[in-house]
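Working notes, structure below.
The values are calculated or read from the model by the stated rules, or taken from the named source; none is laboratory data. None of the values given here were measured: they were computed from a predicted structure. As a convention, Cβ positions derive from the backbone with ideal geometry for all residues, glycine included, and neighbour counts pool all protein chains shown.
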Amino acid sequence: MNEFVYDVRVLTPPPTSGWIEMRLTKEASEKIENYIKKSQQSPESLKGGLAGNISHSHSLKDEDDWFYNNVLSKCIETYVNTFNPLPEVKYFLQRNVGINVDKNAFELKTLWVNYQKKYEFNPLHNHSGIFSFVLWNTIPYKFVDEISQEFLFGCSRPEPSAFKFTYPGMLGELESYHYCVEDDMENKLVFFPSRLHHSVNPFYSSDGVRISVSGNIDFK
């Protein structure tokens with residue numbers, strides 16, 4: 001009997017990029033609160049340059065680069081040490097031999113606060129730059145109240161108030177990951193590649209305002 005020997009190899013996709021989460025310290029949270037309060041004294045609207053279908057988006061100032069140096073630089077370090085370099089980062093290293101990817105290679109280009117009311121939303125979009133982040137400051141509802149809306153009864157994929165990443169899978173299909181955003185997400189920061197598409201669904205159970213902070217990081 002002839003015996004056949006098969007050279008069988010199991011191949012898995014190469015490691016891909018992801019995102020990271022961070023819970024802010026009390027000091028960092030207070031800094032952001034202070035930035036928001038100062039912006040309210042003389043608000044500079046960024047609404048015309050952003051995708052959000054929301055009430056207000058105002059520019060923030062990172063005083064003395066405190067938030068970048070104490071929070072975002074740690075995110076960059078964690079990201080580049082965890083995931084395969086993004087194409088933009090690889091290109092930067094190739095053009096700048098001997099320059100490490102550290103906080104001195106980047107800067108916070110834009111920083112802003114979003115004020116989102118009931119029924120408002122942020123459609124699917126991505127950002128400019130290399131890295132971006134979103135930080136939830138104030139969540140005026142409980143997710144259990146969101147998911148209990150009568151129109152969601154029997155729904156196979158209820159996602160009220162969700163923050164959602166959308167990306168292509170290995171076979172070209174769209175996949176998603178969503179955060180059920182509620183009050184325990186306050187002071188949590190999510191850090192991700194700027195080109196990663198994301199969206200924010202409307203909330204329904206509160207007349208309060210959902211406040212979040214976002215920013216874009218690019219090479220100097």
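General remarks:
- Qualifying residues in region 46-85 (those that are among the small types (Gly, Ala, Ser) and not in a strand (DSSP E or B)) - the one surrounded by the fewest Cβ atoms within 10 Å (Cβ to Cβ): Gly48
- Tyr204 passes every criterion in (1) outside any strand (DSSP E or B); (2) in contact with a His (Cβ under 6 Å, 6 or more places away or on another chain) apart from (2).
- For region 183-193, the count of residues that are over 24 Å from Ser29 (Cβ atoms) and either among the charged types (D, E, K, R) or modelled with pLDDT of 90 or more (or both) is nonzero.
- Residue in region 155-164 that is among the small types (Gly, Ala, Ser) and either farther than 23 Å from Gly18 by Cα or touching a Pro at 6+ places or on another chain (Cβ under 9 Å) (or both) present: yes
- Within region 38-65, being among the hydrophobic types (A, V, I, L, M, F, W, C) and in contact with a helix residue (DSSP H, G or I) (Cβ under 6 Å, 6 or more places away or on another chain) holds for one residue alone: Leu60.
Listed here are the residues, each with its yes/no results for (1) modelled with pLDDT of 90 or more; (2) farther than 23 Å from Met185 by Cα; (3) among the aliphatic types (A, V, I, L, M).
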| site | (1), (2), (3) |
| --- | --- |
| Met1 | no, yes, yes |
| Asp7 | no, yes, no |
| Glu30 | yes, no, no |
| Pro43 | no, yes, no |
| Gly49 | no, yes, no |
| Leu60 | yes, no, yes |
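- Strands (runs of 3 or more DSSP E) wholly inside region 103-189 that include at least 1 residues being within 27 Å of Lys37 (Cα to Cα) and more than 17 Å from the chain's Cα centre (by Cα): 106-116
Rundown of residues vs (1) without any contact (Cβ under 8 Å) to a residue 24 or more places away in the chain; (2) at positive phi; (3) out of contact with any Ser or Thr (no Cβ under 9 Å at 6 or more places or on another chain), yes/no style:
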site: Gly129; (1), (2), (3): no, yes, no
site: Val134; (1), (2), (3): no, no, no
site: Thr138; (1), (2), (3): no, no, no
site: Gln149; (1), (2), (3): no, no, no
site: Leu152; (1), (2), (3): yes, no, yes
site: Ser156; (1), (2), (3): yes, no, yes
site: Phe163; (1), (2), (3): no, no, no
